[in-house]
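Taken together, the values in this text are just the output of simple stated rules run on the coordinates, not laboratory data. This structure is a prediction, so every number in the text was calculated from the model and none was measured.
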Amino acid sequence: MYFILSIGTLLVTVTGLSINAGYDEYNSGYLVAQPTIKKESSKDKQDLSKIPGIAGHDYPIYHKVPETRFSCEHVPALPGMYANVETGCQAYHVCHDGREGEQGSKFLCSNGTLFNQKEFACDWWYNVDCREAPKLYELNLDPKKNPYFQKPKEENKQEQAAGEEVEQYIKIFV
Ligand SMILES: *[C@@H]1O[C@H](CO)[C@@H](O)[C@H](O)[C@H]1NC(C)=O
């Protein structure tokens, strides 16, 4: 009788322990699973102090291309690359067949750089005179400058006649 009782006590004790242990495990598991707030801002923040000039003053610091009135409808050549003057030239557009809408594909140069319409590339802000960009849009007609060059828009019909000549031109310069 005593033997049976002690086994019973033991069982209760063991069961009690295991329940307890389970509870503790659950508890600590819960604590571990607490949502951790990632501090992404510190990772995303670029060290702008390495860039000469004052951020947001000497050069824009857009996070994404903002809403602007830029339109591909009046550009001299398709496909082509065009600086967006409203963003201080940090944004540029690749205008092509209209698939991407009226503004083409939009891109941002990294902070401290602007789209250099003369070079068709992002360049340090102090090398770029953004206000001059629209005057240089016509460089898109130049197959040596425009990396997307196909055929100048207005000359399409004439060029169809002189098609072979143009093809040779492309072979040389692209
Ligand atoms: C420029 O810097 C700002 C401020 O740090 C940041 O929010 C933005 O994402 C950066 N832009 C680019 C294109 O990296």
(request) Please turn the phi angles of region 82-88 into ³J(HN,Hα) values with the Karplus equation 6.51 cos²θ - 1.76 cosθ + 1.60 (θ = phi - 60°), one per residue in order, whole Hz, x for glycine and proline. (result) 9, 5, 9, 5, 5, 9, x
(message) Amide H of Tyr148 versus every other amide H placed in the peptide plane: which residues, excluding those fewer than 5 positions away on the same chain, fall under 5 Å?
(response) none
